[in-house]
Amino acid sequence: MRLACAEINLTALNHNLARVKELAPGSRIMAVLKANAYGHGLVTIAQSLVDADAFAVARIDEALALRAGGVIKPIVLLEGVFRAEDLAIAATSNFNVVVHDEAQLVMLENAKLASPITAWLKLDTGMHRLGIEPNQCHDMYMRLERCVSVAENIKLMTHFACADDLDDGKTTEQMALFFDSIKGKNNELCLANSAGIVGWPNSHCDWVRPGLMLYGVSPMIDSTGQDHQLTAVMRLTSSIIAIRDVKAGETVGYGSAWRAASDTRIGVVAMGYGDGYPRHAPNGTPVMIQGKRFAIVGRVSMDMITVELGDDDLVALGDEVELWGPNLPVEQIAQFATTIPYELLCNITPRVEYKYIQE
């Protein structure tokens, strides 16, 4: 009997990378691996993505873990660096650095590095999170060009706020502002995240940076990865560790939050919020057992969930339970739990066993 396990399908991962290439055939691919490769295992995922052109992470510790794991491809620090000592590490480790505010530029101007760093100048075209104002672009670009700590091939980028919604005009506005702000420059460009790759072909440019879609999950609202010919990479499973008879009117779990309408059977599954399963998944959230859907009843506990089996007497002790995966899209579980797939994937805890497979 195997308890909580995240099965990671590396064949599916590379299928999704190939799908990115189909959608953006003229672009190089910067595979986004932040947050432990969206919960899938940072180094193993990077080592498996042999056809990616570069990798992107949020923070320098993630980049250092990749280098320690033998990854030699370019690595982009999406948040840049915030300390002079990290800038020196970035130079010696050959990391690309995003510059998104003047303080980072000043740090570069004051630095004495072993070798120049490749810089990405990020414009804020409407996300209003990181990035310089568009009207600062020319001046800051010229300062980067003059900076001896910056390599010659400066690149330009931005980030979309609403690309997951094809009916929202903001992405078109952001693209127009970006292209207007960089007019006259002939640099390599990167605009498209996963949603941009799927929904906005005009944003593909020189580089695309797929994140969520690499893992087989839809970056668009109201759809699943299957709708975009993507294959789920993670299959989260556990097993039934107990089966109980519950009479009509009896309650199950903390707070007696669910009451049986009739005599029924309950399966107890070794999976809870201590494993990363969403605490607020409500009654009715589906799981898969023997190819059939069953519904969670009662509150999610730290180590267990309870599932109503009803009159199905074929489900047995030790049966495998799929919490999400190819047969039960994580997008659907996220809808039940009123969250997003990103959070579910990233919240898998260390006590879950990881198993990497190739088909």
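The values are calculated or read from the model by the stated rules, or taken from the named source; none is laboratory data. Everything quoted here is computed from the prediction, not taken from an experiment. Because the Cβ atoms are built from the backbone with ideal geometry, glycine has one as well, and the counts that use them run over all protein chains shown. Only protein heavy atoms, including side chains, enter the accessible area calculation; ligands, DNA and RNA are left aside. Shrake-Rupley method; radii C 1.70, N 1.55, O 1.52, S 1.80 Å.
Here are a few things to note about the model shown:
- Gly225 being of a type in the set (Gly, Ala, Ser), more than 30 Å from Thr171 (Cα to Cα) and touching a residue at least 40 places away in the same chain (Cβ under 8 Å): no
- Among the conditions (1) assigned to a strand (DSSP E or B); (2) over 29 Å from Met213 (Cα atoms), Ala295 misses just one, which is (2).
- Residues that are among the acidic types (Asp, Glu), open to solvent by 80 Å² or more (accessible area, probe 1.4 Å) and within 23 Å of Asp86 (Cβ to Cβ), drawn from the stretch 115-155: Glu145, Glu152
- Number of positions in the stretch 182-219 that are assigned to a helix (DSSP H, G or I) and either buried (at least 21 other Cβ atoms within 10 Å of the Cβ) or modelled with pLDDT under 95 (or both): 10
- Filtered residues of the stretch 220-252 (kept if loosely packed, with under 15 Cβ neighbours inside 10 Å and part of a strand (DSSP E or B)): Ala242, Arg244, Asp245, Thr251
- Of the residues making up the stretch 292-315, those that are of a type outside the set (S, T, N, Q) and open to solvent by less than 40 Å² (accessible area, probe 1.4 Å) number 12.
Yes/no per residue for (1) out of contact with any Ser or Thr (no Cβ under 8 Å at 6 or more places or on another chain); (2) aliphatic (A, V, I, L, M); (3) over 22 Å from Gly26 (Cα atoms):
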site	(1), (2), (3)
Leu189	yes, yes, no
Ala192	no, yes, no
Ser203	no, no, no
Gly225	no, no, yes
Val233	yes, yes, yes
Ile241	yes, yes, yes
Ala248	no, yes, yes
Gly255	yes, no, yes
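- For the stretch 131-150, the criterion of being of a type in the set (D, E, K, R) and under 24 Å from Ile29 (Cα atoms) is met by none of the residues.
Here is a yes/no grid of residues against (1) in a strand (DSSP E or B); (2) among the small types (Gly, Ala, Ser); (3) touching a residue at least 40 places away in the same chain (Cβ under 8 Å):
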| site | (1), (2), (3) |
| --- | --- |
| Asp86 | no, no, no |
| Val98 | yes, no, yes |
| Leu105 | no, no, yes |
| Glu109 | no, no, yes |
| Ala114 | no, yes, no |
| Arg129 | no, no, no |
| Asp139 | no, no, no |
| Met142 | no, no, no |
| Asn153 | no, no, no |
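- Pairs linking a residue in the stretch 10-30 that is open to solvent by 10 Å² or more (accessible area, probe 1.4 Å) to a residue that is polar (S, T, N, Q), with Cβ atoms under 7 Å and 6 or more positions apart or on different chains, are Leu10/Ser48; Leu10/Gln358; Thr11/Gln358; Asn14/Ser48; His15/Thr231; Arg19/Gln229.
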